[in-house]
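Trainee: One structure, as C-alpha cells, below. Some questions next.
The values are calculated or read from the model by the stated rules, or taken from the named source; none is laboratory data. A quick note: this is a predicted structure, and the numbers were derived from the prediction, not measured. Positions of Cβ are generated from backbone atoms using ideal geometry, with glycine treated the same way; all protein chains shown enter the neighbour counts. Ligands, DNA and RNA are excluded from the accessible area calculation, which covers all protein heavy atoms including side chains. Shrake-Rupley method; radii C 1.70, N 1.55, O 1.52, S 1.80 Å.
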Amino acid sequence: MLTLLFGVLLAVVAVIIHSQWPRIVAHFRVAPSVDSTPATPEERPYGVWEPQEFDYPKVSPWREFDVDQTKPIPFRPFRWGPNYPINMGIRSMNWDDWLQLDSDYRKTHVIRSQRTRDQKDLATVTLPGFRPHAFECLVEMASFLAARYPQMYRVERRKYDAEKEETWGDSLVGKEGGAVKLVRNLATNEVFDFDEIERVEGKDWNPMKVAGLLQMDDLAVMVEAADGQYFFQSGSICTAGFWRLQDKIGQPLEEIHSRGAVPKWREKLKFSMERFFQKMKIDKPVERNNYFFQIDDGLAWSQNTNGPEPIWDQTNKEPKPHLLAKSEDASWKAPEPTKDVNNVWFRTERQSLRRMPKTGCILFTIRTYFHRVTEFANEPGVPGRMASAIASWPEDVAKYKGADLYVPILMPYLEELHRKQIEDGVVKQNADGDWEANEDRKYPF
C-alpha cells in the first residue's frame with residue numbers, strides 16, 4: 001500500500017514538474033550579460049534583421065509649396081519651471097512632416113554644399129559595410145521629397161524586374177514602382193544621377209553625401225550590433241555647431257552621449273533610449289525638440305565658443321593648446337560672458353527617428369532652427385516661459401548649456417519683457433500659476 005501511494009506521489013510530482021518546467025528553469029538560469037534571445041516570437045535576436053514589407057502612408061503633395069515664402073516653424077520648446085524634465089521627450093511623427101523645408105533652405109544649402117565640398121569625409125562618411133543602410137535611407141528620402149514637394153523635386157526610376165532586387169522600389173511606391181536612379185532638385189538645378197556617380201566615384205560611393213545635399217537636416221544612420229547597441233555608421237553632419245562627425249562616427253549611443261557629457265545620461269536616459277532603439281517599429285516614427293543658446297551666429301560651428309574647429313578637443317571642449325598657435329585663429333581665447341543681449345542666439349533642433357524596412361537601420365534627422373533671441377523674445381508668453389525654463393536648469397544642465405556666457409544678460413532682459421506683458425494684459429495667470437497668452441499652443445509651442 002505504501003509503495004502504491006509513493007508511486008502515485010511520484011507521478012503527481014512528475015506531472016507538476018513537467019507543466020512548470022519552463023518557469024523553474026527560468027528561475028534558476030543565470031541571466032546573460034546581453035539579452036540576445038527573443039522573449040516572444042515577435043522579437044528577434046540583436047543585430048539580425050529580415051527585410052519587411054511596408055507601405056509608407058500616402059503622402060499629401062504640397063503643390064502650393066514655395067520654398068522661399070514658407071516661414072520656418074516657430075518652435076519654442078522650453079517649458080515652465082520649476083522642474084526641468086530630463087527624458088527623451090519623444091512624440092509621434094506625422095508622416096507628411098518627415099523632412100521639412102522652409103525659407104532658410106537656400107542659406108542652409110550653401111553651408112551644406114561648402115562643408116561637404118571642402119571637408120569631405122569630415123562632413124559626410126559611410127563606414128565600410130554600411131552602404132546598403134545609407135543607400136536605403138537616401139532612396140526613401142528622395143522618394144519622399146518628390147512626393148511631398150513635387151514642384152521642387154523629381155525622381156527617375158528603373159524599370160521593375162522581379163529577378164533583380166536592385167530595380168525594386170521603395171516603401172513609398174512599392175516594389176513594382178521601380179528603384180530611384182536619379183534625383184533632380186529644381187530649386188538648385190542639381191541633378192544626382194546614381195549611375196553617373198558610381199561611374200566617377202566607384203561602386204562604394206557615399207549615399208549620405210547626396211542625401212545631405214538634398215535637404216536641410218543633418219543625418220545619422222544608426223545600426224544595431226550583435227550586443228544590442230546602436231552604432232553611428234553613416235551620416236552627413238554640417239550644422240551641428242558644437243560637435244563634429246569625426247568624434248562620433250563609429251561610436252555607440254553610450255559613447256556618443258557619455259563623451260558628450262550629456263547630463264544625467266547614465267542615471268535617467270541610457271536605459272530608456274537604448275531600449276527604445278531596440279524596440280522601435282517601422283510604422284512608428286517619432287520626433288522631438290531640444291534647445292540651446294550661443295553667443296555668436298555660427299550655425300555650422302560656434303567659433304567664438306569652441307575655437308578653431310580642426311583642433312577642437314571633444315573631451316575638454318576647447319582647442320588643443322599645443323596646436324592653437326599654428327591654427328587659423330591663433331589669437332582665440334575662451335569667451336567672456338557677453339554684455340549685449342543682441343549677441344545671444346537661440347538654436348532648437350527638431351529631430352526625427354524612423355526605422356527603415358529593408359535594412360532595419362534607424363535614420364536620425366536633425367534640423368536646426370537658428371535665430372537671434374531678440375527677434376522673437378517678445379512674442380506673447382515667450383519671455384516669461386523662457387526665463388522660467390532657464391531658471392529651472394540644474395547645475396549640470398546649466399554647465400552643459402554654457403549658461404555663464406549669456407544668462408547674466410539674458411535673464412534681466414526676459415524678465416523685463418515678461419513684466420511688460422503682464423502689465424499690458426498680453427498674458428494671464430492660469431490655474432498652475434503660469435503666465436500664458438491666449439494663443440499659446442501645446443508643446444513644442
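Trainee: Need one value: the accessible area of Ile73 in square angstrom, 1.4 angstrom probe, rounded to the nearest 10.
Mentor: Only protein atoms counted, so the area is about 70 Å².
Trainee: Could I ask something else about it? Along the charge dipole of the chain, pointing to its positive end and built from +1/-1 on Cβ of Lys, Arg, Asp and Glu, which listed residue (Trp49, Pro408, Val221) has its Cα farthest out?
Mentor: Comparing the listed Cα positions along the dipole, Trp49 ranks first.
Trainee: Which percent of the accessible heavy-atom area of segment 162-238 goes to carbon and sulfur, probe 1.4 angstrom?
Mentor: 45
Trainee: Then there's this: Taking every pair of alpha-carbon atoms in segment 142-183, what share in percent sits in each 10 Å bin, from 0 to the bin with the longest distance?
Mentor: In whole percents, the pair-distance histogram is 34, 51, 14, 1.
Trainee: Largest first and to the nearest Å, give the Cα extent of segment 160-227 along each principal axis.
Mentor: Largest to smallest, the principal-axis extents are 37, 35, 26 Å.
Trainee: First obtain the Kirkwood hydrodynamic radius of segment 351-445 from its Cα pairs, then insert it into the Stokes-Einstein equation at 20 °C and 1.002 mPa s, and state the resulting D in µm² per second as a whole number.
Mentor: 136
Trainee: Right, next: Run the reach check for Lys420 against aspartates and glutamates, Cα to Cα strictly under 16 Å, same-chain hits fewer than 8 apart removed. What comes back?
Mentor: Reachable aspartates and glutamates: Glu379, Asp434, Glu436.
Trainee: Here's another thing I want to ask about it. Hydropathy first: keep DSSP H helices in the chain averaging at least 1.6 on Kyte-Doolittle, then drop any whose Cα extent along the axis falls short of 18 Å, and list what survives.
Mentor: In the chain, the long hydrophobic H runs are 2-28.
Trainee: For the chain, what is the calculated [θ] at 222 nm in deg cm²/dmol (nearest 500), taking -39500 (n - 2.57) for each run of four or more DSSP H residues and dividing by its residue count?
Mentor: Taken over the chain, the calculation gives -9500 deg cm²/dmol.
Trainee: Using a simple charge model, +1 on the beta-carbon of Lys and Arg, -1 on the beta-carbon of Asp and Glu, nothing else, what dipole does the chain show about its Cα centre, in debye to the nearest 20?
Mentor: Dipole of the chain, to the nearest 20 debye: 560 debye.
Trainee: If you don't mind, there's one more thing I want to ask. Provide the per residue accessible area, probe 1.4 Å, for the chain, rounded to a whole number of square angstrom.
Mentor: That works out to 52 Å² per residue.
Trainee: Would the chain count as rounded, prolate or oblate if I go by the C-alpha gyration tensor, calling it rounded below 1.5 in a/c and otherwise prolate when a/b exceeds b/c, oblate otherwise?
Mentor: oblate
Trainee: Keeping all protein chains in the complex and leaving out DNA, RNA and ligands, what accessible area do you get for His371 with a 1.4 Å probe, in Å² to the nearest 10?
Mentor: Roll a 1.4 Å probe over it and His371 shows about 40 Å².
Trainee: Rounded to the nearest Å, what's the spacing between the alpha carbon centres of segment 44-79 and segment 398-426? Just the number, please.
Mentor: Taking the Cα centre of each part, segment 44-79 and segment 398-426 sit 34 Å apart.
Trainee: Using protein chains only and a probe of 1.4 angstrom, how many square angstrom of Val183 are accessible, to the nearest 10?
Mentor: 0
Trainee: On full extension of the chain, what length is gained from Asn94 through Gln114, given 0.36 nm per residue of separation minus the C-alpha to C-alpha distance?
Mentor: Fully extending the segment from Asn94 to Gln114 adds 4.1 nm.
Trainee: What ranking of Ser236, Ser388, Ser272 comes out by heavy-atom accessible area, probe 1.4 Å, highest first?
Mentor: Of Ser236, Ser388, Ser272, the descending order of accessible area is Ser272, Ser388, Ser236.
Trainee: Using the charge dipole of segment 49-193 (Lys, Arg: +1 at Cβ; Asp, Glu: -1 at Cβ; taken about the Cα centre), state which of Met88, Ser143, Phe130 has its Cα farthest towards the positive end.
Mentor: Final value for the positive-end residue is Met88.
Trainee: Quote the convex hull volume per residue of segment 55-96, based on C-alpha atoms, as a whole number of Å³.
Mentor: Considering the Cα atoms of segment 55-96, their hull volume per residue is 117 Å³.
Trainee: Here's a follow-up. Once you place label points 7 Å from the Cα toward the Cβ at Ala261 and Lys333, how far apart are they in nm?
Mentor: That separation, rounded to one decimal, is 2.1 nm.
Trainee: Here's a follow-up. Given charges of +1 on the Cβ of Lys and Arg and -1 on the Cβ of Asp and Glu, with all other atoms neutral, how large is the dipole of segment 120-258 about its Cα centre, in debye to the nearest 20?
Mentor: 460
Trainee: Now for a separate question. Roll a 1.4 angstrom probe over the protein heavy atoms and tell me the percent of accessible area of segment 307-445 that is carbon or sulfur.
Mentor: Answer for segment 307-445: carbon and sulfur cover 52 percent of the accessible area.
Trainee: Longest span of the chain, sites excluded, free of GluC sites (Glu not before Pro) in DSSP loop with at most 15 other C-beta atoms within 10 Å?
Mentor: 164-327
Trainee: If you only keep lysine pairs separated by 8 or more in sequence, or across chains, how many in segment 138-251 come under 28 Å at the Cα atoms?
Mentor: 14
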